[in-house]
1. So for the range 50-73 (the condition being at pLDDT below 90, more than 17 Å from the chain's Cα centre (by Cα), outside any helix (DSSP H, G or I) and surrounded by fewer than 10 Cβ atoms within 10 Å (Cβ to Cβ)), does at least one residue qualify?
2. Does any residue in the range 16-35 that is at negative phi and free of Cβ contacts under 8 Å to residues at least 60 places away in the same chain come within less than 6 Å, Cβ to Cβ, of a residue that is in a helix (DSSP H, G or I) and surrounded by fewer than 17 Cβ atoms within 10 Å (Cβ to Cβ) six or more places away or on a different chain, and which pairs are these?
3. Just name the residue that is farthest from T71 (Cα to Cα) out of those in the range 8-48 that are of a type in the set (V, I, T) and assigned to a loop (DSSP other than H, G, I, E, B).
4. Which residues, taken from the range 1-49, are surrounded by 11 or more Cβ atoms within 10 Å (Cβ to Cβ), at pLDDT below 90 and of a type in the set (S, T, Y)?
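The values are calculated or read from the model by the stated rules, or taken from the named source; none is laboratory data. Predicted, not measured: the structure shown is a model, and the values here were computed from it. Positions of Cβ are generated from backbone atoms using ideal geometry, with glycine treated the same way; all protein chains shown enter the neighbour counts.
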Amino acid sequence: MLDSQSNASISMTALYRRLGAIGLTRSTVRDTLLPDWWGDEFEEREGAVLEAAAYIARRTGLSFRRLVDETQVPGQPDCFITPSDSNRFKAVIQSTKPLLL
């Protein structure tokens, strides 16, 4: 869960800058990732940056947490899942029953 300090510290300018660092320009974000009704006047409202981050995260698969937390890199995954060796393959059960051919 995010704390209130990380929510309050991010601005739309910072969000656009962070998205630009991973190759998403402001115009790309405005034209394709945010709703049609999104405008400059809406960005001035409190909480608009969180709503924008939610739209962007939903439409790109980026982590919402990484978008709003300036200590995180937005394009990196939250974690890498590596299966353990015991879960990688199905277990072979030895049977004493004869096989029918």
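1. Within the range 50-73 (the criterion being at pLDDT below 90, more than 17 Å from the chain's Cα centre (by Cα), outside any helix (DSSP H, G or I) and surrounded by fewer than 10 Cβ atoms within 10 Å (Cβ to Cβ)), the answer is no, since none of the residues qualifies.
2. These pairs meet every condition: Y16/R26; L33/R59; L34/Y55.
3. Among those residues, the one meeting the criterion is T25.
4. S6, S9
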